[in-house]
Amino acid sequence: MSCSAPLPRVAVLGTNEIASAVAVHLRSAGWQVVLCHDPFPPVIRRGMAFHDVLFGERRVIAGVAGAHADTAEEIAAQCAVPNRVVVTALPLADLAAAQPLAVLVDARMQKRRVPPDLRGAANLAVGLGPLFRVGCNCDIAVETRPARNGEVVTVGATDEADGISRRLGGAGRERFVYSEQASRWHTPVDIGAKVFRGFVVGHCGGTPIQAPFDGVIRGIVRDGSPVPAGVKLIEIDPRGRNARWTGIDDRGRAIADAAVRAIQVKSTRLTESNLIEAALPA
């Protein structure tokens, strides 16, 4: 590849911790990466994500920094900086119009919303998580369910969400607190704060939200954010001194590795197919 030519660009849908882990791994593999904000579901593991870059905060994950940009010119300039990924609120259609996308990775982790078919937005579309079907709404997919986390799916569909949370310090689903109604979330507490059982972490529509047990805030929706009903508001890490709320965890690393591997596998097959077609007689 010529040094003067722009690097192939990847759009990653989502600004959560999985999208951010994927962005870090892709940037390290030599791609230009732009994360596109989507408001659903709200991001809670913000210490492990580039989400807060949208609000002017600094975030560096595994040596890769996030930069906020909302015009095609700003995105191009930031993409050219080594060890940097771009975070934008620019719609995907505008992003694709500014520069053709080599790859689109849907990392929004929406679980129960059937993803639209976005294959036409890039040369290669990768789906992460439930409700992706190869050949229907993606070209290749990656499992994110705990029992099969990081498996690459080349034929068929990914597993549906089963509602079973992976264990963390002995706690599963009970470490999360969910919104009961659509409202606006308010909290004075931030990531990494130590809390005790019953501590009022914030308010959703005037309803106090309490910590379910002692621990560290591993995830919490940003103060002032609108939230729909039935989404995660907080996550408590019960592991004491071993609690972790920054960087890339094992789950994110496995999914990001699989996403890079899926892109490499599919790109190789596409290249081989194109070479075969080119060799066929007219």
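The values are calculated or read from the model by the stated rules, or taken from the named source; none is laboratory data. This is a predicted model, so every value here is computed, not measured. In this analysis, Cβ positions are derived from the backbone assuming ideal geometry, glycine residues included, and neighbour counts consider all displayed protein chains.
Every residue in segment 151-187 that is part of a loop (DSSP other than H, G, I, E, B), charged (D, E, K, R), touching a residue at least 60 places away in the same chain (Cβ under 8 Å) and touching an Asp or Glu at 6+ places or on another chain (Cβ under 7 Å), please. If the condition is that a residue be part of a loop (DSSP other than H, G, I, E, B), charged (D, E, K, R), touching a residue at least 60 places away in the same chain (Cβ under 8 Å) and touching an Asp or Glu at 6+ places or on another chain (Cβ under 7 Å), then Glu151 is the only one that fits. When Ser183, Ser225 are checked against the criterion of being over 17 Å from the mean Cα position of the chain (by Cα), surrounded by fewer than 20 Cβ atoms within 10 Å (Cβ to Cβ), within 21 Å of Arg59 (Cβ to Cβ) and at pLDDT 95 or above, a single residue qualifies: Ser225.
Within segment 114-121, does at least one residue satisfy the condition of being touching a Gly at 6+ places or on another chain (Cβ under 9 Å) and either closer than 23 Å to Gly247 by Cβ or in a strand (DSSP E or B) (or both)? Scanning segment 114-121 turns up no residue that is touching a Gly at 6+ places or on another chain (Cβ under 9 Å) and either closer than 23 Å to Gly247 by Cβ or in a strand (DSSP E or B) (or both). Within segment 129-150, being surrounded by 16 or more Cβ atoms within 10 Å (Cβ to Cβ), part of a loop (DSSP other than H, G, I, E, B) and of a type outside the set (Ser, Thr, Tyr) holds for Gly129, Pro130, Leu131, Phe132, Asn137, Asp139, Glu143, Arg145, Asn149, Gly150. Return yes or no: is Ser20 surrounded by fewer than 21 Cβ atoms within 10 Å (Cβ to Cβ) and of a type in the set (S, T, N, Q)? It is false that Ser20 is surrounded by fewer than 21 Cβ atoms within 10 Å (Cβ to Cβ) and of a type in the set (S, T, N, Q).
Each row is one residue, and each column tells you yes or no for (1) in contact with a Ser or Thr (Cβ under 8 Å, 6 or more places away or on another chain); (2) among the basic types (Lys, Arg); (3) modelled with pLDDT under 95.
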| position | (1), (2), (3) |
| --- | --- |
| Asn16 | no, no, no |
| Val33 | no, no, no |
| Asp38 | yes, no, yes |
| Asp52 | no, no, no |
| Ala80 | no, no, yes |
| Gly120 | no, no, yes |
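The single residue among Val103, Val114, Val126 that is over 21 Å from Ser267 (Cβ atoms) and either of a type in the set (Phe, Trp, Tyr) or within 18 Å of the chain's Cα centre (by Cα) (or both) turns out to be Val114. State whether one or more residues within segment 81-89 are loosely packed, with under 14 Cβ neighbours inside 10 Å and touching a Pro at 6+ places or on another chain (Cβ under 8 Å). Within segment 81-89, none of the residues are loosely packed, with under 14 Cβ neighbours inside 10 Å and touching a Pro at 6+ places or on another chain (Cβ under 8 Å). Evaluation of Ile44 against the conditions (1) touching a residue at least 24 places away in the same chain (Cβ under 8 Å); (2) assigned to a helix (DSSP H, G or I) shows that the sole unmet condition is (2).
The residue that is surrounded by the most Cβ atoms within 10 Å (Cβ to Cβ), counting only those in segment 247-282 that are modelled with pLDDT under 90 and of a type in the set (Asp, Glu), is Glu272.
Considered as a group, the residues in segment 61-80 that are among the aliphatic types (A, V, I, L, M) and in a strand (DSSP E or B) include one that is surrounded by the fewest Cβ atoms within 10 Å (Cβ to Cβ), and that residue is Ala65. Contact annotation: residue pairs with Cβ atoms under 8 Å, 6 or more positions apart or on different chains, pairing a residue in segment 123-137 that is free of Cβ contacts under 8 Å to residues at least 24 places away in the same chain with a partner that is surrounded by 18 or more Cβ atoms within 10 Å (Cβ to Cβ) and of a type in the set (D, E, K, R), are Ala125/Asp106; Ala125/Asp139. Exactly one residue out of Arg108, Arg58, Arg45 is loosely packed, with under 14 Cβ neighbours inside 10 Å, under 18 Å from the mean Cα position of the chain (by Cα) and not hydroxyl-bearing (Ser, Thr, Tyr), and it is Arg58.
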